[in-house]
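Enquirer: Before we start, here is the structure in question, set down as structure tokens.
Please treat every number below as a calculation from the coordinates, not as lab data. If you're wondering where the values come from, they're calculated on a predicted model, not measured in any experiment. Note that each Cβ is placed from the backbone with ideal geometry, even for glycine, and that neighbours are counted across all protein chains shown.
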Amino acid sequence: MLTFILAIITAILIGVAASLQKAGLNKLGRVRFRGFNKKSIKGLAKQLLKARLWIFGLLISIIPGLLYMWLLSVEDVSVINPLISLSLVVILFNGYFFLKERLNIKQLIGAVGLIIGAVLMGLAA
């Protein structure tokens, strides 16, 4: 039961971190990146370091990363990953309510399917 709860918390933290990073990028505007060369990567880093929300989201993402590694060490990946996939629902929710992104019926149906599937997989463990 502890792994189930921690997996849900991990999914929520992943979703929150991704949403914060997106909010930071939205405030920053269009990010310029012209390929994988030293000058372009340095320019990208300078842009991202100006986005405090993006940095905060990046720092928060360390916590679920560590939790995920621990969860995989104590439970089967077939149990943990469906629960972690609930982070997509958190991102969808945050995108709609906080980032004011559009939501269509296919996304809603997919979110319901993810929730049902994750709960069934979690209960089957």
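Enquirer: How big, in percent, is the set of alpha carbon pairs in the chain lying more than 20 Å apart?
Expert: 53 percent
Enquirer: Compute the length gained on full extension between ARG52 and LYS27: take 0.36 nm times their separation in residues and subtract their Cα-Cα distance, giving the result in nm to one decimal.
Expert: Result: 8.0 nm gained on full extension.
Enquirer: Within the range 74-111, list the trypsin sites (Lys or Arg not before Pro) lying in a DSSP loop whose Cβ has at most 12 other Cβ atoms in a 10 Å radius.
Expert: Taking the range 74-111 and a limit of 12 other Cβ atoms within 10 Å, the loop trypsin sites (Lys or Arg not before Pro) found are LYS100, ARG102.
Enquirer: When the chain is fully extended, how far beyond the present Cα-Cα distance does ILE5 get from PHE98, taking 0.36 nm per residue of separation?
Expert: 31.0 nm
Enquirer: Follow-up question, since we're still on this one. Checking the cross-link filter: which lysines have an alpha carbon closer than 16 Å to that of LYS38, excluding same-chain neighbours under 8 positions apart?
Expert: By straight Cα distance, LYS38 reaches LYS46.
Enquirer: What ranking, highest mean first, results for peptides 70-82, 26-38, 86-98 when packing means the other Cβ atoms within 10 Å averaged over each residue?
Expert: So the peptides 70-82, 26-38, 86-98, ranked by packing, come out 86-98, 70-82, 26-38.
Enquirer: Please list, or write none, the lysines whose alpha carbon is within less than 25 Å of the alpha carbon of LYS39, excluding same-chain residues fewer than 8 places away.
Expert: Within reach: LYS22, LYS27, LYS50.
Enquirer: By how many nm would the segment from MET121 to PHE36 lengthen if fully extended, with 0.36 nm per residue of separation less the alpha-carbon distance?
Expert: Using 0.36 nm per residue and subtracting the Cα-Cα distance, I get 26.6 nm.
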